[in-house]
Every structure is written in structure tokens, then in C-alpha cells.
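K.L.:
A single structure is presented below for examination.
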Amino acid sequence: MSAAKAHRGSTTVSRMSDAAITLTVLGAAVVLFVWNRLPVGVVALAVAVSLYLTGVLTVEESLAGFGTPTVILIAALFVVAEALDAAGITAWAGQQLIDRAGTSPARLMVLMLVLSAVLSALVTPNGAVAALFPMVVVLSTRLGRSPSQLLMPLAFGAHAGSLLMLTGTPVNVIVSATALEETGTGLGFFEFALVGVPLLAGTILVCVLWGPRLLPHRSARSLSRDLTGLPADLLRDYAPVGSIARLTVPAGSPLVGVAADAIDTGDRSVHAVAVQDRSGRPTSEVVAGGQLVVRGSRGGIDEFAAVGGLVAPTRPDGEDVTCGLVSREHGVAEVIVRPRSGLIGERVFPGMVTDSGELVVLAVKRLGEVLDPATDEGENRPAADPRDHEVTLRAGDAVLLQGPWDALDRHTDDPDVLVVDTPDSIRRQAAPLGRRAVPAIVVLVLMVAALATDVLPAAVTAVGAAIAMILLRVVTTRQAQRSISLTTVILVAGMIPLSTAITQTGAAEIVA
């Protein structure tokens with residue numbers, strides 16, 4: 001009898017000891033997080049390792065967090081968020097905010113908070129804020145307001161919106177998974193909204209009524225670049241005299257079938273820079289539905305378009321688009337020739353197709369001046385053929401390239417050149433809602449529907465959505481890998497063993 005009591009006593013002491021160790025590790029983790037001198041990922045890993053070294057957990061239990069469905073779900077949601085941003089959906093939403101807000105501070109605050117909340121519910125607060133803050137900074141500059149007056153409410157709205165849906169934040173996922181494990185029933189996809197909607201409404205009310213007085217007024221040291229007007233800027237820089245225009249070739253045009261080097265513009269003030277197919281890739285002859293990139297005087301281009309039956313791109317309101325440099329399918333990139341680049345000494349001319357066969361050289365600048373090989377030396381008149389006066393590249397020369405977005409992404413990632421603005425960043429702001437927007441929205445809707453109806457486990461649904469985004473080329477594999485926040489994944493995976501230890505050692509009962 002005494003032996004049995006002694007055994008029970010030793011077991012109790014052991015459990016108390018393990019619980020004390022667990023609570024000590026928890027307290028140390030909190031202190032280190034508040035101290036903020038060590039990376040949070042390092043602290044989380046140290047927590048998992050310390051629980052093993054002290055004998056509280058086995059090695060399998062201390063590292064089990066990296067294999068949980070919760071961590072996989074969180075990683076997959078990062079990819080989905082990146083896909084929405086890469087497809088231009090978040091940039092489009094930000095532009096809608098700018099267009100509809102006007103100059104009313106209250107309307108701007110309400111629309112911004114609602115938009116950040118909705119995006120946060122779909123792609124987590126981090127993804128929503130990262131996608132919207134450049135637009136918010138640009139908007140604050142246009143309205144002459146301090147960025148801090150809008151950026152802090154943006155963060156508040158994102159965090160309130162994270163409680164609208166299960167996918168709003170990793171915390172929701174962890175809580176739902178724990179509830180499912182302990183009770184056999186997880187939390188519903190929209191069940192968080194019971195608290196999230198009143199919280200969001202209160203956040204909007206506080207920010208609108210007291211925000212201007214309580215929020216700090218701080219001037220920004222640096223501002224995010226507004227690339228929406230970049231095509232017009234590039235046109236002014238690279239075509240100071242005359243214009244660059246992209247003309248569509250309809251099926252009935254007399255130019256269909258004409259070789260690229262045999263196009264007769266009928267005017268020495270206009271010459272064809274490039275001949276491209278429907279996707280924006282260079283081609284050897286004019287094709288129906290393709291485009292002609294021409295350079296010259298505005299009047300000469302208009303006359304050439306009329307004779308050739310060509311169509312200039314227009315805005316929905318009928319206003320002529322600035323040269324059509326950027327669209328959903330194709331765009332431009334400005335690159336600088338690096339010192340000691342392998343391109344130094346290469347000879348180029350406007351209309352030249354690069355070695356990849358996918359990009360076209362539109363123009364070259366040196367020391368801020370456009371090198372116009374289409375102008376005869378000593379005479380202020382265009383040459384018959386731009387190849388008559390090729391440009392020999394030097395270090396520091398700026399080259400304007402045009403082609404499909406995916407080709408620009410691939411071929412400008414080159415150690416021989418320095419990209420001024422990445423094609424991806426230009427496309428996201430200057431050409432939102434591109435061809436990848438439709439598949440991205442379809443995948444998102446299907447993912448939300450599957451999560452809401454519990455057709456499949458949440459982790460499987462999210463992973464399937466991430467895979468679909470890659471297969472549909474909404475994002476590349478490289479973009480998907482970069483989008484996953486390893487800090488967040490490691491933090492969650494490293495702290496899950498602590499939750500296990502708190503439950504197994506009875507520390508939760510002691511705290512309760």
C-alpha cells in the first residue's frame with residue numbers, strides 16, 4: 001500500500017516537475033519575444049529543442065509541429081495570397097479605392113478599412129497590408145495627408161478583418177484545429193464573423209470619429225513609387241520628339257502577310273520598330289490580330305494607320321492610350337548596362353529582336369539623351385532603315401525593351417543588366433487584372449467554397465489551390481517559394497510543441 005502511494009507520489013512530482021519546466025519555458029519565450037533582440041524563429045526553435053532536452057517531450061513530439069496540417073495550410077495560403085497579388089487583383093482593388101474615395105476623409109477611411117478587412121479575411125493581414133500599403137501611401141501623397149494617418153488604420157482594419165473568415169490569420173487556423181482535435185468539431189469557416197463583424201464596425205467607427213485627433217502626424221522619409229503613370233513617363237523620356245505607338249492589325253488590313261523588313265510606311269518620318277503577334281512576341285511578318293510598333297510624328301503615325309487600316313488602342317472613354325506600351329499581355333522594361341557587362345560593345349537598333357527572340361529593343365539612352373539611330377548623321381531627318389546607324393552599347397546605357405510580361409520577367413533577370421523597375425512591379429500597378437486574373441479568381445472562389453463546406457480537409461484544399469495557381473501560371477514556382485514567410489511557418493511550427501507540452505504535463509490545468 002505504501003509502495004503504491006509512493007509510486008503515485010513520484011508520478012505526481014514528475015508531472016509537477018514537467019509542468020514547472022513547461023511553464024518556465026513559456027515564460028522565457030514570452031520574455032524573449034518582448035525583448036525582441038533575437039529573431040522570433042530562433043526563439044520558437046529554441047522552445048521546441050529545450051522541451052526535448054529537458055525530457056518533457058520526445059524528439060518526435062518536439063518536432064511534430066513541422067508536419068502538422070496547420071503549418072501546411074498556412075504555407076499554402078501564402079502562395080494563394082501571392083497569386084492574387086501577382087494577378088493584379090489587389091492592385092486593382094487599391095486603384096478602385098483611389099478612384100472612388102475622392103477627397104472625403106471619412107469616405108476614404110471607410111472604404112480603406114473595408115477593403116483591407118476583406119482582403120485580410122482572404123489572404124491574411126500580412127498579405128493584405130503588403131498589397132495595399134503602396135497604394136495607400138500614394139493616395140496620402142495625392143491628398144496631402146500624412147501617411148501615418150492612413151497606414152495605422154490600414155493595419156487596424158486588416159487585423160479586424162482577419163476575424164471574418166477561417167483563412168484570415170494563422171491563429172484562426174490553429175484554434176480551429178485544436179477545437180477539432182479536442183471536441184471533434186472545428187470552427188465554421190464564417191463562424192469567426194460573429195465577433196469579427198462587430199469588431200470591424202467598431203474599428204471603423206473609432207478611426208472615422210477620433211482617428212484624425214489620435215493618430216500621429218509624421219512625414220515620410222521615403223515613399224513607395226507610383227508606377228501607374230510609368231508608360232507615359234517612358235514615352236516622354238525615350239520619344240521626346242514624335243511618338244511611339246502600338247497599332248493593332250485587323251484581319252482586313254493590306255499589311256497582313258507583309259514581311260517585317262518590307263513594310264512601307266509611305267513617310268520617312270515614320271518607321272516600323274517591331275512586328276509582333278497576338279501575344280506580343282516578335283514575328284517575321286505581319287499577322288492578323290498582331291501589332292505594329294511604329295515611331296515617328298503623331299500626324300505621320302495617324303496617316304499610316306489610316307492607310308494600312310490599323311487600329312490604335314483607346315481607353316474606355318475614347319481617349320488615345322499613351323503609345324500602348326503596356327497592356328494585360330505585354331509590357332516594357334528599362335534596363336541599365338552594368339559595368340563589365342557582356343553586352344558592352346554589342347550593336348543594337350530600334351526594332352532589333354533580342355537573342356531570346358521574345359523581346360524588342362525600342363530605344364537607347366546615354367547620359368540622359370536618346371540615341372536615335374533613325375536620324376541621319378548631320379541631318380534632322382529620319383533614316384530609311386534604323387539599322388543603317390546602329391548603336392554600340394556602353395556601360396551605363398539605358399535600354400527600353402518591350403515584350404510579353406513573362407518574357408520580360410525571365411530575360412531581364414540577367415547579371416549583365418540592372419532593372420530600373422521590375423516588370424512584375426510595373427505590371428501589378430500599371431496593368432492590373434491581366435489575363436491571369438480570371439483563373440486566380442476562379443481558384444479563390446473554389447477554395448473558399450470548399451473551405452466553407454468542409455468538402456475536404458482545410459490543408460488539402462489550400463494546397464490544392466496553391467498547386468492550381470502554379471499550374472495555371474498565375475504564379476511561377478519561384479514566386480510561390482518566395483511568398484512563403486519562413487519566419488511565420490517556423491514560429492507556428494516551433495510553438496506547437498509548447499502547446500502539446502502544456503496539455504500533456506497538466507500545466508494547462510494548473511493555470512486554469
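K.L.:
Hey, what number do you get for the chain at 222 nm if only DSSP H runs of n ≥ 4 count, each worth -39500 (n - 2.57), divided across all residues, to the nearest 500?
P.N.:
Computed ellipticity for the chain at 222 nm equals -17000 deg cm²/dmol.
K.L.:
Rounded to the nearest percent, how much of the accessible area of the chain (1.4 Å probe, protein heavy atoms only) is carbon and sulfur?
P.N.:
Within the chain, the accessible surface is 61 percent carbon and sulfur.
K.L.:
Going by average Cβ density within 10 Å per residue, which order do the peptides 349-359, 27-37 take, highest to lowest?
P.N.:
So the order, starting with the most tightly packed, is 349-359, 27-37.
K.L.:
Continuing with this model, one more query. Per residue, how large is the accessible surface of the chain? Use a 1.4 angstrom probe and give square angstrom.
P.N.:
49 Å²
K.L.:
Okay, next question. What distance in nm lies between label points placed 7 Å from Cα along the C-beta direction at A106 and T392?
P.N.:
6.8 nm
K.L.:
A further question on this structure: Around A363, which amide H atoms from residues at least 5 apart in sequence, or from another chain, sit under 5 Å from its own amide H, with H modelled in the peptide plane?
P.N.:
The answer is L400.
K.L.:
Under a Cβ-Cβ cut-off of 14 Å, what is the net charge of the residues other than A179 that fall near it, where Lys and Arg count +1 and Asp and Glu count -1? Mind dumping the intermediate values first?
P.N.:
Values: positive: none; negative: E181, E182, E191, D454.
Around A179, the charge tally is -4.
K.L.:
Per residue, how big is the convex hull of the chain when only Cα atoms are used? Give it in Å³.
P.N.:
Details: hull volume 99.4 nm³, N = 512.
Expressed per residue, the convex hull around the Cα atoms of the chain is 194 Å³.
K.L.:
Calculate the translational D of segment 432-512 in whole µm² s⁻¹ from Stokes-Einstein, where the hydrodynamic radius comes from the Kirkwood formula applied to all Cα pairs, the temperature is 37 °C and the viscosity 0.692 mPa s.
P.N.:
Once the numbers are plugged in, D ends up at 213 µm²/s.
K.L.:
Here's another thing I want to ask about it. Can you tell me the relative contact order of the chain? Whole percent, Cα pairs under 8 Å, sequence separation 6 or more. Don't jump to the answer; show the numbers that get you there.
P.N.:
Working: 889 pairs, mean separation 109.6, N = 512.
Answer for the chain is 21 percent.
K.L.:
Using a 7 Å offset from Cα along Cα-Cβ at V171, what residues in segment 188-212 end up with backbone N under 17 Å from the label point?
P.N.:
191-204
The values are calculated or read from the model by the stated rules, or taken from the named source; none is laboratory data. This is a predicted model, so every value here is computed, not measured. Every residue, glycine as well, gets a Cβ built from its backbone with ideal geometry; the counts of neighbours run over all protein chains shown. Ligands, DNA and RNA are stripped out before the accessible areas are found, and what is left, the full protein with its side chains, is counted by its heavy atoms. Shrake-Rupley method; radii C 1.70, N 1.55, O 1.52, S 1.80 Å.
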